[in-house]
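I am attaching a structure below and will ask some questions about it afterwards.
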């Protein structure tokens, strides 16, 4: 598939069905999917490969439960940078913090919005005081502690 055709790839109903099935169970055998969708395993393979080449499927990964690993505190931190030009260096420093599991460059009040996971409130305080706030590019932060995550889903193809 050429670069242009990869960008132009449009998914159809079969592709959507395959994506939904793989999002539910990324280890589902192609033969099982083929039987479910009344096509050949080769068709499933070709469709998956085309969606990979088009960048629709970026890979597979194991989803872990942070609470089962002892990460009981989830919070979101809005970061205001001293200057917009500080973004690349601030992001590089944030990426080095193992507690930062997601980061977003945003519009609005905050320049960067991050998700942080820690094992305790005490650990969160240590991260804030000794690792996050000392970053030179950061002017100020606001921390929001998550009490629960009632919705957790992927986009629908």
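The values are calculated or read from the model by the stated rules, or taken from the named source; none is laboratory data. The structure presented is a predicted model; accordingly, all values stated were derived computationally and were not measured. Glycine also receives a Cβ, built like all others from the backbone with ideal geometry; neighbour counts cover every protein chain displayed.
Under the condition of being in contact (Cβ under 8 Å) with a residue 24 or more places away in the chain and touching a strand residue (DSSP E or B) at 6+ places or on another chain (Cβ under 7 Å), which residue from the range 88-105 is nearest to residue 72 (Cα to Cα)?
Here the answer is 99.
Being outside the structural domain of residue 18 (by TED's automatic domain parsing) and modelled with pLDDT under 95, is that true of even one residue in the range 89-102?
no
Only one residue in 71, 87, 105 is under 19 Å from the mean Cα position of the chain (by Cα) and surrounded by fewer than 16 Cβ atoms within 10 Å (Cβ to Cβ). Which one?
Result: 105 is the single residue among 71, 87, 105 that is under 19 Å from the mean Cα position of the chain (by Cα) and surrounded by fewer than 16 Cβ atoms within 10 Å (Cβ to Cβ).
Which one is farthest from residue 126 (Cα to Cα), of the residues in the range 25-78 that are assigned to a loop (DSSP other than H, G, I, E, B) and touching a residue at least 40 places away in the same chain (Cβ under 8 Å)?
Looking at the filtered set, the residue picked out is 54.
Out of (1) over 16 Å from the mean Cα position of the chain (by Cα); (2) assigned to a helix (DSSP H, G or I), what's the single condition that is false for residue 94?
Result: residue 94 passes all but (1).
If we keep just the residues of the range 119-157 that are touching a helix residue (DSSP H, G or I) at 6+ places or on another chain (Cβ under 6 Å) and under 30 Å from residue 22 (Cα atoms), which is modelled with the highest pLDDT?
By that ranking, first place goes to 157.
Next up: Could you grab me the full set of residues in the range 135-157 that are part of a loop (DSSP other than H, G, I, E, B) and farther than 30 Å from residue 12 by Cα?
Passing the criteria: 135, 136, 137, 147, 148, 149, 150.
Quick one: is residue 127 within 12 Å of residue 78 (Cβ to Cβ), touching a strand residue (DSSP E or B) at 6+ places or on another chain (Cβ under 8 Å) and either without any contact (Cβ under 8 Å) to a residue 60 or more places away in the chain or surrounded by 10 or more Cβ atoms within 10 Å (Cβ to Cβ) (or both)?
no
In this structure, is residue 10 part of a loop (DSSP other than H, G, I, E, B), at pLDDT below 95 and more than 29 Å from residue 113 (Cα to Cα)?
So residue 10 passes the test.
Now a separate question. So, in the range 106-124, how many residues would count as being outside any loop (DSSP other than H, G, I, E, B) and in contact (Cβ under 8 Å) with a residue 40 or more places away in the chain?
Going through the range 106-124 one residue at a time, the tally reaches 7.
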